[in-house]
Amino acid sequence: MKITVDLSGVKKAFADNRKLKSAVMDDAYQFFKKATPIRTGNARRNTYLASNRDKIVGDYPYAQRLDEGYSNQAPYGMTGPTEDYINRRITAYLNRTGSK
């Protein structure tokens, strides 16, 4: 089983500011990876940022199960909390720049 978080919407939102997009993606990846439960380390080891930097990929057989809250270490999974994190980052940026 493989789960993928599609972050292409973030890419479109920040087309004019590649540095910001890169920072948000790097931060989102770190947030997702840190939210990934750790028992043997396999899940975290097999979580990566895709080469086009638009997707965070969890490539292991039980990825969907973990993302559905199977582990007490991540009762809300990883995708939902990561999407919330990205939204907070984008909102904070827009508020700082006065954009709507």
Q | Protein accessible area in the chain, 1.4 Å probe - carbon and sulfur % | A | 48 percent
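Note the full-extension length gain between Thr4 and Tyr62 as 0.36 nm times their separation in residues minus their Cα-Cα distance, in nm to one decimal.
Full extension from Thr4 to Tyr62 adds 19.6 nm.
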Q) Counting only heavy atoms of protein chains, what accessible area per residue, in Å², does the chain have with a probe of 1.4 Å? A) 64 Å²
Q | Peptides ranked, highest mean first, by Cβ atoms within 10 Å: ranges 35-46, 73-84 | A | 73-84, 35-46
Q. Roughly what would the spin-label model give for Tyr76 and Leu20, points 7 Å off Cα along C-beta, in nm?
A. 2.5 nm
Q: Over the chain, calculate the relative contact order: mean separation of alpha carbon pairs under 8 Å at least 6 apart, over the residue count, as a percent.
A: 32 percent
Q.
If I fit a long axis through the Cα atoms of helix 18-35 and take the longest principal axis of the Cα atoms of the chain, what angle between them do I get, 0 to 90°, rounded to 10?
A. 20 degrees
Q) For the chain, what is the calculated [θ] at 222 nm in deg cm²/dmol (nearest 500), taking -39500 (n - 2.57) for each run of four or more DSSP H residues and dividing by its residue count? A) -15500 deg cm²/dmol
Q. If you line up the long axis of helix 79-97 against the longest principal axis of the chain, both from Cα atoms, how many degrees apart are they, to the nearest 10?
A. 20 degrees
Q. Taking the chain as the region of interest, what is the percent of Cα-Cα pairs per 5 angstrom bin, listed from the shortest bin to the one with the maximum distance?
A. 2, 13, 24, 24, 15, 11, 6, 3, 1
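The values are calculated or read from the model by the stated rules, or taken from the named source; none is laboratory data. Computed from a predicted model, the values in this text were never measured in an experiment. Positions of Cβ are generated from backbone atoms using ideal geometry, with glycine treated the same way; all protein chains shown enter the neighbour counts. What goes into the accessible areas is simple: the full protein's heavy atoms, side chains included, and nothing from ligands, DNA or RNA. Shrake-Rupley method; radii C 1.70, N 1.55, O 1.52, S 1.80 Å.
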